[in-house]
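Enquirer: Got a structure for you, written out below as structure tokens; questions coming shortly.
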Amino acid sequence: MRIDELFQIANVEMAGPLPWRMKPIPDNCSGVSGVYVIARAGNEPVPTVDWDAPLRQRWIENEEIIYIGRATNLRRRILQFYRHKLGDKSPHKGGEDLLRLTCPLQVYWGVTSNFKAVEHQMIEAFKSRAHEMMPFANRVRGTKPVVS
């Protein structure tokens with residue numbers, strides 16, 4: 001699935017990409033809620049030699065989308081992800097398996113107040129195109145939107 005297509009399906013304007021961990025997303029995303037996608041940059045092969053069986057089973061060959069997330073404060077949440085160390089419980093345990101990757105990554109984001117529902121919609125759209133598999137670093141599906 002293409003990244004721009006994922007944002008189009010969710011009807012959210014896509015921003016980015018920025019190189020992962022090299023540059024924080026802009027200051028105007030501080031205090032703003034939204035969704036973000038972490039993707040492979042380029043088509044470099046991803047070494048899986050040291051991965052255990054569950055990790056190898058979750059890897060989708062030739063897929064660029066690695067993680068779909070949400071945040072009440074986009075800038076702060078992505079900075080927490082940048083600081084996270086593999087195996088730690090915080091500040092961002094959710095997608096830590098992407099820290100096992102050695103290939104270049106990039107981050108895309110979109111501002112939305114309905115971030116929980118949009119994240120859920122994006123993950124479901126991804127799954128529908130990926131034989132019901134989640135993005136590699138997502139361990140659980142996004143929260144189902146509340147129907148009023």
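The values are calculated or read from the model by the stated rules, or taken from the named source; none is laboratory data. What you see is a predicted model, and the numbers here were worked out from it, not measured in a lab. Here the Cβ is made from the backbone with ideal geometry for all residues, glycine too, and neighbour counts use every protein chain on show. These accessible areas exclude ligands, DNA and RNA; they are computed on the full protein's heavy atoms, side chains included. Shrake-Rupley method; radii C 1.70, N 1.55, O 1.52, S 1.80 Å.
Enquirer: Under a Cβ-only charge scheme (Lys and Arg +1, Asp and Glu -1), can you give me the dipole magnitude of the chain about the Cα centre, in debye to the nearest 20?
Expert: 560 debye
Enquirer: Could you do me a favour and compute the accessible area per residue for the chain, 1.4 Å probe, result in Å²?
Expert: Accessible area per residue: 55 Å².
Enquirer: Continuing with the same structure: Express the carbon and sulfur contribution to the solvent-accessible surface of the chain as a percent, rounded to the nearest whole number, probe 1.4 angstrom.
Expert: 48 percent
Enquirer: For the chain, modelled as a GNM with alpha-carbon contacts under 10 angstrom, which of Pro45, Pro54, Pro24 fluctuates the most?
Expert: Pro54
Enquirer: Given the protein chains as shown and a 1.4 Å probe, how many square angstrom of Arg100 are accessible, to the nearest 10?
Expert: 90 Å²
Enquirer: Once every Cα of the stretch 1-115 carries one equal point scatterer and solvent is ignored, give the base-10 log of I(q)/I(0) from the Debye formula at q = 0.20 Å⁻¹, two decimals.
Expert: These q points yield log10 I(q)/I(0) values of -1.15.
Enquirer: Per-residue ellipticity at 222 nm for the chain, helices alone: DSSP H runs ≥ 4 residues times -39500 (n - 2.57), over residue total, nearest 500 deg cm²/dmol?
Expert: -7500 deg cm²/dmol
Enquirer: What spacing in nm lies between the two simple spin-label points modelled at Ser128 and Ser113, each 7 Å away from Cα in the Cβ direction?
Expert: According to this spin-label approximation, the distance is 2.6 nm.
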